[in-house]
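Have a look at the structure below before the remarks.
The values are calculated or read from the model by the stated rules, or taken from the named source; none is laboratory data. All values derive from a computational prediction rather than experimental measurement. Reconstructed Cβ throughout: ideal geometry from the backbone, glycine too, with neighbour counts over all protein chains shown.
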(Lines give C-alpha, C1' and ligand atoms only; values in the text may rest on other atoms or scores of the structure.)
Protein backbone atom coordinates (compact mmCIF):
# COMPACT_ATOMS: atom_id res chain seq x y z
CA UNK A 1 0.00 0.00 0.00
CA UNK A 2 1.36 3.45 -0.96
CA UNK A 3 1.57 6.14 1.68
CA UNK A 4 -0.33 9.23 0.55
CA UNK A 5 0.88 11.98 2.85
CA UNK A 6 4.57 11.19 2.92
CA UNK A 7 7.07 14.03 3.07
CA UNK A 8 10.33 13.56 1.22
CA UNK A 9 13.05 16.21 1.38
CA UNK A 10 16.05 15.98 -0.98
CA UNK A 11 19.14 18.11 -0.66
CA UNK A 12 21.34 18.86 2.32
CA UNK A 13 20.28 22.47 2.70
CA UNK A 14 16.56 23.02 3.35
CA UNK A 15 16.80 26.46 1.70
CA UNK A 16 17.78 24.82 -1.59
CA UNK A 17 15.78 21.63 -1.22
CA UNK A 18 13.06 20.12 -3.32
CA UNK A 19 10.15 18.89 -1.21
CA UNK A 20 7.73 16.21 -2.40
CA UNK A 21 4.43 15.86 -0.56
CA UNK A 22 2.37 12.88 -1.54
CA UNK A 23 2.07 11.83 -5.17
CA UNK A 24 1.28 15.09 -6.92
CA UNK A 25 2.47 18.12 -4.97
CA UNK A 26 6.05 19.22 -5.51
CA UNK A 27 7.44 22.35 -3.90
CA UNK A 28 10.82 23.68 -4.95
CA UNK A 29 12.49 26.17 -2.63
CA UNK A 30 15.35 28.05 -4.26
CA UNK A 31 18.31 29.52 -2.50
CA UNK A 32 18.10 33.20 -2.02
CA UNK A 33 21.22 35.12 -2.97
CA UNK A 34 23.45 36.19 -0.16
CA UNK A 35 23.18 39.86 0.63
CA UNK A 36 26.27 41.54 -0.68
CA UNK A 37 28.71 42.31 2.07
CA UNK A 38 29.38 45.99 2.28
CA UNK A 39 32.90 47.24 2.74
CA UNK A 40 33.84 48.86 6.04
CA UNK A 41 33.73 52.64 6.20
CA UNK A 42 37.06 54.27 5.37
CA UNK A 43 38.31 51.63 2.92
CA UNK A 44 38.59 51.95 -0.86
CA UNK A 45 35.72 49.53 -1.43
CA UNK A 46 33.31 51.78 0.47
CA UNK A 47 33.99 54.71 -1.91
CA UNK A 48 32.32 53.94 -5.24
CA UNK A 49 34.47 56.27 -7.35
CA UNK A 50 37.75 54.97 -5.90
CA UNK A 51 36.67 51.34 -6.08
CA UNK A 52 35.66 51.75 -9.74
CA UNK A 53 38.95 53.47 -10.59
CA UNK A 54 40.98 50.66 -9.00
CA UNK A 55 38.86 48.15 -10.91
CA UNK A 56 39.49 50.13 -14.11
CA UNK A 57 43.27 50.10 -13.51
CA UNK A 58 43.26 46.36 -12.82
CA UNK A 59 41.38 45.79 -16.08
CA UNK A 60 43.88 48.02 -17.94
CA UNK A 61 46.77 46.03 -16.46
CA UNK A 62 45.14 42.75 -17.51
CA UNK A 63 44.59 44.11 -21.03
CA UNK A 64 48.23 45.23 -21.26
CA UNK A 65 49.50 41.87 -20.03
CA UNK A 66 47.34 40.02 -22.56
CA UNK A 67 48.79 42.25 -25.28
CA UNK A 68 52.32 41.36 -24.13
CA UNK A 69 51.83 37.92 -25.71
CA UNK A 70 51.67 39.60 -29.14
CA UNK A 71 55.07 41.13 -28.44
CA UNK A 72 56.59 37.72 -27.75
CA UNK A 73 56.21 37.37 -23.99
CA UNK A 74 55.80 33.65 -23.38
CA UNK A 75 55.36 33.26 -19.63
CA UNK A 76 51.91 32.32 -18.36
CA UNK A 77 49.70 35.13 -17.16
CA UNK A 78 47.51 34.64 -14.09
CA UNK A 79 44.91 37.31 -13.35
CA UNK A 80 44.92 36.71 -9.59
CA UNK A 81 48.65 37.41 -9.23
CA UNK A 82 48.09 41.18 -9.30
CA UNK A 83 45.65 40.96 -6.40
CA UNK A 84 48.09 38.79 -4.46
CA UNK A 85 50.88 41.30 -5.13
CA UNK A 86 48.68 44.15 -3.88
CA UNK A 87 47.75 42.15 -0.79
CA UNK A 88 51.38 41.36 0.03
CA UNK A 89 52.48 44.98 -0.46
CA UNK A 90 49.57 46.67 1.34
CA UNK A 91 48.86 43.89 3.89
CA UNK A 92 45.15 43.95 3.05
CA UNK A 93 42.88 42.72 0.26
CA UNK A 94 42.59 45.20 -2.61
CA UNK A 95 39.25 46.80 -1.77
CA UNK A 96 39.86 46.75 2.00
CA UNK A 97 42.91 49.04 1.79
CA UNK A 98 42.30 52.30 3.72
CA UNK A 99 41.32 55.31 1.62
CA UNK A 100 44.33 57.17 3.01
CA UNK A 101 46.54 54.83 0.96
CA UNK A 102 44.54 55.23 -2.27
CA UNK A 103 47.20 57.39 -3.97
CA UNK A 104 49.88 54.84 -3.07
CA UNK A 105 47.78 52.00 -4.55
CA UNK A 106 47.12 54.02 -7.72
CA UNK A 107 50.86 54.73 -8.11
CA UNK A 108 51.58 51.01 -7.66
CA UNK A 109 49.05 50.09 -10.36
CA UNK A 110 50.29 52.84 -12.70
CA UNK A 111 53.86 51.50 -12.37
CA UNK A 112 52.69 47.96 -13.08
CA UNK A 113 50.82 49.08 -16.21
CA UNK A 114 53.70 51.27 -17.42
CA UNK A 115 56.14 48.38 -16.93
CA UNK A 116 54.33 46.03 -19.32
CA UNK A 117 55.68 45.76 -22.85
CA UNK A 118 52.65 47.57 -24.28
CA UNK A 119 52.98 50.21 -21.56
CA UNK A 120 56.61 50.90 -22.50
CA UNK A 121 55.75 51.03 -26.22
CA UNK A 122 52.91 53.47 -25.52
CA UNK A 123 55.26 55.56 -23.37
CA UNK A 124 57.73 55.89 -26.24
CA UNK A 125 54.90 56.94 -28.55
CA UNK A 126 53.52 59.39 -25.95
CA UNK A 127 50.23 57.47 -25.81
CA UNK A 128 48.39 57.31 -22.48
CA UNK A 129 48.12 53.90 -20.81
CA UNK A 130 45.24 54.93 -18.54
CA UNK A 131 43.04 57.85 -17.54
CA UNK A 132 43.78 59.88 -14.43
CA UNK A 133 41.41 59.48 -11.49
CA UNK A 134 39.82 62.88 -12.18
CA UNK A 135 39.33 62.09 -15.89
CA UNK A 136 37.82 58.73 -14.99
CA UNK A 137 35.39 60.23 -12.49
CA UNK A 138 34.39 63.07 -14.82
CA UNK A 139 33.86 60.72 -17.74
CA UNK A 140 31.65 58.31 -15.80
CA UNK A 141 29.69 60.77 -13.68
CA UNK A 142 29.47 63.35 -16.46
CA UNK A 143 27.99 60.90 -18.96
CA UNK A 144 25.36 59.79 -16.45
CA UNK A 145 24.46 63.43 -15.76
CA UNK A 146 24.19 64.12 -19.51
CA UNK A 147 21.80 61.21 -20.01
CA UNK A 148 19.67 62.28 -17.05
CA UNK A 149 19.82 65.93 -18.13
CA UNK A 150 19.02 65.03 -21.74
CA UNK A 151 16.00 62.98 -20.69
CA UNK A 152 14.79 65.81 -18.48
CA UNK A 153 15.22 68.34 -21.32
CA UNK A 154 13.43 66.05 -23.76
CA UNK A 155 10.53 65.54 -21.36
CA UNK A 156 10.25 69.28 -20.68
CA UNK A 157 10.15 70.03 -24.42
CA UNK A 158 7.37 67.53 -25.08
CA UNK A 159 5.36 68.64 -22.04
CA UNK A 160 5.52 72.37 -23.08
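Points worth noting:
- Residue 79 vs. criteria surrounded by 15 or more Cβ atoms within 10 Å (Cβ to Cβ) and either at pLDDT 95 or above or under 18 Å from the mean Cα position of the chain (by Cα) (or both): no
- Selection of segment 87-113 for residues being farther than 14 Å from residue 45 by Cα and in contact with a helix residue (DSSP H, G or I) (Cβ under 6 Å, 6 or more places away or on another chain) yields 109, 112, 113.
- Summed over segment 71-127, residues that are within 19 Å of residue 50 (Cβ to Cβ) and assigned to a loop (DSSP other than H, G, I, E, B) total 4.
- Condition broken by residue 65, with the remaining ones in (1) farther than 17 Å from residue 48 by Cβ; (2) at pLDDT 95 or above; (3) within 24 Å of the chain's Cα centre (by Cα) satisfied: (2)
- Filter result for the condition that a residue is surrounded by 12 or more Cβ atoms within 10 Å (Cβ to Cβ), modelled with pLDDT of 95 or more and over 18 Å from the mean Cα position of the chain (by Cα), over 101, 51, 60: 101
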